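Structure record follows, encoded as structure tokens.
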């Protein structure tokens, strides 16, 4: 159970913060460079980019390891890992965060009611 809480909930909920931290730092550094060119220090941006690259290497490395462990897997799928990282994963962030929010609300979220209209006719033989 702790593995499920850690990997399926906690890390998945925190992962979007890594992407947001990179975007925030790039925007903040860009604004700082425009406003205070003589006092600009790119060291913070370098650190954030380095940590993000380490995060990407670990992410892509674990996916590559998974491809290596599956003997019948097609290696031509490996370049699609980058597309997954920057496209599909953003969609999954939204789905996971929405699911966690809905689970936190609990009983307030009902099953809903299916409205029956009896509009389907019987097929003729």
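For region 29-64, filtering for residues that are exposed (fewer than 10 other Cβ atoms within 10 Å of the Cβ) and at pLDDT 85 or above leaves 3.
The number of residues in region 95-112 being free of Cβ contacts under 8 Å to residues at least 12 places away in the same chain and part of a helix (DSSP H, G or I) comes to 11.
When residues in region 61-94 are screened for being over 19 Å from residue 20 (Cα atoms) and in a helix (DSSP H, G or I), 14 of them pass.
Determine whether residue 115 is without any contact (Cβ under 8 Å) to a residue 60 or more places away in the chain, in a loop (DSSP other than H, G, I, E, B), in contact with a helix residue (DSSP H, G or I) (Cβ under 9 Å, 6 or more places away or on another chain) and over 17 Å from residue 20 (Cα atoms).
No; evaluated as a whole, the condition is false for this residue.
The values are calculated or read from the model by the stated rules, or taken from the named source; none is laboratory data. Please read all numbers here as calculations on a predicted model, not as lab measurements. Quick reminder, even Gly has a Cβ in these numbers, built from the backbone with ideal geometry, and neighbours come from all protein chains shown.
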